[in-house]
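One structure is given below, encoded as structure tokens.
Please treat every number below as a calculation from the coordinates, not as lab data. Quantities reported herein were computed from a predicted structural model and do not represent experimental measurements. In this analysis, Cβ positions are derived from the backbone assuming ideal geometry, glycine residues included, and neighbour counts consider all displayed protein chains.
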Amino acid sequence: MIERARKIASYGVSFELLHVLVSRDNMALSLHNTAQRPDAVLDEYLATVCRLRDGRIADIETYLSDVPGMNAFFV
């Protein structure tokens, strides 16, 4: 996971935290990621859901708005 985060950061991705959403048992982050390369543009909205267990993050799942766009940018 750390290696993947480093790779994403190496592309110069900027992110904007739009919302922190909470429920009784879990939380979600609403994000807007942007970046630009000479041959590709990233403009992606995503939601990251964190499932909590015993006060700690036990599972993380991310939902993307543009999977083909993400794949094209991060090749």
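Values for this structure:
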| quantity | calculated |
| --- | --- |
| Considering residues of region 8-20 that are touching a residue at least 12 places away in the same chain (Cβ under 8 Å) and over 13 Å from the mean Cα position of the chain (by Cα) only, the residue surrounded by the most Cβ atoms within 10 Å (Cβ to Cβ) | Tyr11 |
| Among residues of region 32-48, those that are in contact with a helix residue (DSSP H, G or I) (Cβ under 8 Å, 6 or more places away or on another chain) and either surrounded by 13 or more Cβ atoms within 10 Å (Cβ to Cβ) or under 13 Å from Asp66 (Cβ atoms) (or both), counted | 6 |
| Test: Arg51 is surrounded by 12 or more Cβ atoms within 10 Å (Cβ to Cβ) and not hydrophobic (A, V, I, L, M, F, W, C) | yes |
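Each row is one residue, and each column tells you yes or no for (1) in a strand (DSSP E or B); (2) over 16 Å from Phe74 (Cα atoms).
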position	(1), (2)
Ala9	no, no
Gly12	no, no
Glu16	yes, yes
Glu44	yes, no
